[in-house]
Amino acid sequence: MTEATDLAVLALIPLLPFAGFLVNALFGKRLPKSVSGGVACAAMIAAFGVSLFSVTVMFGTPGRAIEQTVYTWIASGDLHIGASFYVDALASVMILVITGIGSLIHIYSTAYMHDESGSEFARYFSYLNLFAAFMLVLVLGSNFPVMFVGWEGVGLCSYLLIGFWYRKQSAIDAGKKAFVVNRIGDFAFILGTLLVFSQFGTLDFQGVASKAAALPVETGWGVLSVATLLLFIGATGKSAQIPLFTWLPDAMEGPTPVSALIHAATMVTAGVYMIGRNAVLFSHAPETLQVVAIIGAATALLAGTIGIVQNDIKRVLAYSTVSQLGYMFLAMGVGAYGAGIFHLYTHAFFKALLFLGSGAVIHALHGEQDLRHMGGLKKELPITYWTFLIGAIAIAGVPGLAGFFSKDEILWKTFEGGHTLLWVVGILTALLTATYMFRLVFLAFHGERRGLAPVHHAGARPQHLHDAPPAMATALIVLAIGSVVAGYVGVPAVLGGSNTIEHYLAPSFEARGGVHELQGLGPAATAEGVPHGADGAVPPAAEGGAPRVSETSAPHGGAAAHESTELSLMGVSIALAFAGIGLAWFFFVKSPGSADGVASAAGPLHTLLLNKYYIDELYDAVIVKPIVAISRGVLWKVVDAEVIDGAVNGTGSVVETGATWLRRFQTGSVRVYAASILLGVVLVLGYYMATF
């Protein structure tokens, strides 16, 4: 073991942004903005550097996995839970995404939030650092309790950041909505965790995977299916899937960089990661996986249809995120865990780029977010336009960019697994994605300006719009490059690649041993019952997860047909991507009036989509208003006012009445007291005389 591995290297990854949070929270009001922003950015960049170092250490260990225990957190009987951090292939992808893209978002924020006062500026960066710290705890945790600390932490930070502009009622309401909806999912997550513990006697991820791998795959709704379903309900809250997705579009009330951080690098990916981390457990519950796949596909389609008619630039992107998360859950549900994490990784680049690009537009237009008041921005904002265009092309699935490789992998794995109907839903969603993204591009950047350019005082001539300042432009350019090249780690074999990322991630979805323990922080927690091979390899009997279809496993006679089918489906995907772009061009560039004609002809359908299927109104009518009515009419006016207050007031009345009667005997007259004593003596003597 090298001296470097004696360092608290894994613990440093979340501790560095947490230290940035402490500095800005405690001293930010007295610091210049440049120092506040610099501390926050430096903390994230340092965490990215330590993450790179940790991944390097991981590569040099047997089994490519390292674990580090800071201290024993809970010790009760046979239950021992360490405050432990764990890095393998899956966690390495996540920490690099969180710290790398998170650093770019922090840098971007120094320019975007520059108009805030010094105290507000410091408060913003303290929350941003804390958000990143909790997300890193979530993905680094080696057991359910440590993950849950991060899980709840990002929920808290989302509330703080979505409601950052707390003088704005809509921001306050959005923050509360995010907090409450996520608590519903978190309650199910806790129940699922307790059920896992009751079944396996451990909460360590590797211990659970090892013990689950020894069990047969459930053929119906058994304990594992119920436990994983509860965990998935928790994921629907964090990752905004049906039925708990309604909070995410409202989260647009926060600053735009917050939207980028939540949607691209942190909170909403937590549910996808959680399923990947427990892939062995979920693979033994096929009933739950079927639910995951159906919910993912349905969410992708539902959000795509809503996004195609939204007029707020950020809400279009918000529904796009919900839709793309649906793709990731579809992949998880069909057992293509590597494809799901691959899309999470590529999505982080182009979705962060799109949100930050929208932020540059909003910044240039002094807060304008309505696409109907934009147009003609291409010449005025060239950096923003070209980088945003790259992000739109990537998410649309155009060949050669990151989104094409990851999205097509999900669609292929879905079809290959025999889920034809889900593949149809996925391919329709791909058409919608290309259409609504290029609708956004054409409405915002092409055509004529449909709104007034910002002015500095009444009567002034429209001012020249400003493009993204250097800090914002740097982040946009780096993310645009990532949106192009990030997908090349997953080029499929049919296109001459080897799908490197899928092979890299595969061991993380199996029960495994060979975990290297970093020393210097106390005893490392090891997975209970995980078989350790001499070289760190996992014996065949310990392997978990759904059987993986190898590119080379098909008989030679069927290999050509297999490749032909994959290429054909890829061609369909590409054709629909270009068809979506073409539809957007026709309706919003060539013949803008046609879009209004279609909307009018659609009538009720367009109204339904514009009002987001009235799901919020449905929840309000079916859940919120009855709860409010019961709370006011029964819990308040009956239980609280009559029962609880009645009991308290009644107790007081009894004491008061009793005291009133007793007070009559306290006259202060000696003769009355003497007579009372004499009467008492006579009564006592009379009783004894009568008895004996």
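The values are calculated or read from the model by the stated rules, or taken from the named source; none is laboratory data. Since the model is a prediction, treat every value here as computed from it, not as a measurement. As a convention, Cβ positions derive from the backbone with ideal geometry for all residues, glycine included, and neighbour counts pool all protein chains shown. Accessible surface is based on the protein model in full, side chains and every heavy atom, while ligands, DNA and RNA are left aside. Shrake-Rupley method; radii C 1.70, N 1.55, O 1.52, S 1.80 Å.
Once you keep just the Cα pairs under 8 angstrom separated by 6 or more residues, what percentage relative contact order results for the chain?
15 percent
Ordering ASP88, ASP640 from largest to smallest accessible area (1.4 angstrom probe), what's the sequence?
Output order, biggest surface exposure first: ASP640, ASP88.
Cα centroids of region 608-679 and region 357-392: how far apart, whole angstrom?
The distance from the Cα centre of region 608-679 to that of region 357-392 comes to 59 Å.
Say R0 is 56 Å: what FRET efficiency, to the nearest 0.05, do VAL684 and ILE644 get from their beta-carbon distance?
For R0 = 56 Å, the calculated efficiency reads 0.80.
With a Förster radius of 41 Å, plug the Cβ-Cβ distance of TRP636 and ASP78 into 1/(1 + (r/R0)^6) and report the FRET value to the nearest 0.05.
The computed FRET efficiency comes out at 0.35.
For the pairs LYS590/LYS612; LYS177/LYS314; LYS177/LYS625, note any where the Cα-Cα span goes beyond 20 Å.
Beyond 20 Å: LYS590/LYS612.
Measure nothing fancy, just the Cα-based angle from helix 286-307's long axis to the longest principal axis of the chain, in degrees from 0 to 90, nearest 10.
That works out to roughly 70 degrees.
Which net charge results when you count Lys and Arg as +1 and Asp and Glu as -1 among the other residues whose beta-carbon is under 11 Å from that of GLY650?
Result for the neighbourhood of GLY650: -3.
If I fit a long axis through the Cα atoms of helix 89-112 and take the longest principal axis of the Cα atoms of the chain, what angle between them do I get, 0 to 90°, rounded to 10?
Taking the Cα atoms of the chain, the angle to 89-112 is about 90 degrees.
Amide H neighbours of ASN311 under 5 Å, at least 5 residues apart or on other chains, H built in the peptide plane: list them.
Hits under the 5 Å cutoff: none.
Convert each backbone phi in region 247-254 into a coupling constant with the Karplus relation 6.51 cos²θ - 1.76 cosθ + 1.60 (shift: θ = phi - 60°), then list the ³J(HN,Hα) values in order as whole Hz, x for Gly and Pro.
Per residue, the Karplus-derived 3J(HN,Hα) values read 6, 5, x, 5, 5, 5, 5, x Hz.
Round to the nearest 10 and give me the degree value, 0 to 90, for the angle of helix 33-59's Cα axis relative to the longest principal axis of the chain.
80 degrees
Please report the relative contact order for region 98-257, taking Cα pairs under 8 Å with a sequence separation of at least 6, and give it as a percent rounded to a whole number.
24 percent
Report the Cα centroid-to-centroid distance between region 190-226 and region 576-591 in angstrom, as an integer.
If we compute the Cα centre of each part, the gap is 48 Å.
Between region 246-266 and region 278-303, what is the C-alpha centre distance in whole Å?
Region 246-266 and region 278-303 have Cα centres spaced 24 Å from each other.
Under 5 Å between amide H atoms, partner at least 5 residues away or on a different chain: which partners does ARG450 have, H built in plane at 1.01 Å?
Amide H to amide H, under 5 Å and 5 or more residues apart or across chains, ARG450 pairs with MET374, GLY375.
Based on the Cβ-Cβ distance from PHE27 to ALA601, what FRET efficiency comes out when R0 is 45 Å, to the nearest 0.05?
0.15
Tell me, what is the percent relative contact order of region 1-148, built from C-alpha pairs under 8 Å that lie six or more residues apart?
Reported as a whole number, the value is 36 percent.
Using helices alone, I'd like the mean residue ellipticity at 222 nm for the chain: each DSSP H run of four-plus residues gives -39500 (n - 2.57), total over residue count, nearest 500.
Mean residue ellipticity, 222 nm, calculated: -21000 deg cm²/dmol.
If the limit is 18 Å between Cα atoms, which of LYS176/LYS637; LYS168/LYS238; LYS351/LYS407; LYS168/LYS351 go over it?
Going by Cα-Cα distance, LYS176/LYS637; LYS168/LYS238; LYS168/LYS351 fall outside the 18 Å limit.
What do you reckon, how do VAL272, VAL425, VAL628, VAL655 stack up by accessible area (1.4 Å probe), largest on top?
VAL655, VAL628, VAL425, VAL272
Which of these values of Cα Rg over 2.2 N^0.38 Å was calculated from the structure shown: [x] 0.97; [y] 1.21; [z] 1.16?
Evaluating Cα Rg over 2.2 N^0.38 Å on these atoms matches [z].
Using the Karplus curve 6.51 cos²θ - 1.76 cosθ + 1.60 with θ = phi - 60°, work out ³J(HN,Hα) for each residue of region 354-369 in order, rounded to whole Hz, and write x for Gly and Pro.
Values, residue by residue: 5, 5, 5, x, 5, x, 5, 5, 4, 4, 5, 9, 6, x, 5, 10 Hz.
If I model a spin label as a point 7 Å beyond the Cα along the Cα-Cβ vector, how far apart are those points for ALA559 and THR474 in nm?
Label at ALA559, label at THR474, 4.9 nm between them.
For VAL226, what charge total do you get from the other residues with a beta carbon under 12 Å from its beta carbon, if Lys and Arg give +1 and Asp and Glu give -1?
Once positives and negatives cancel, what remains is -2.
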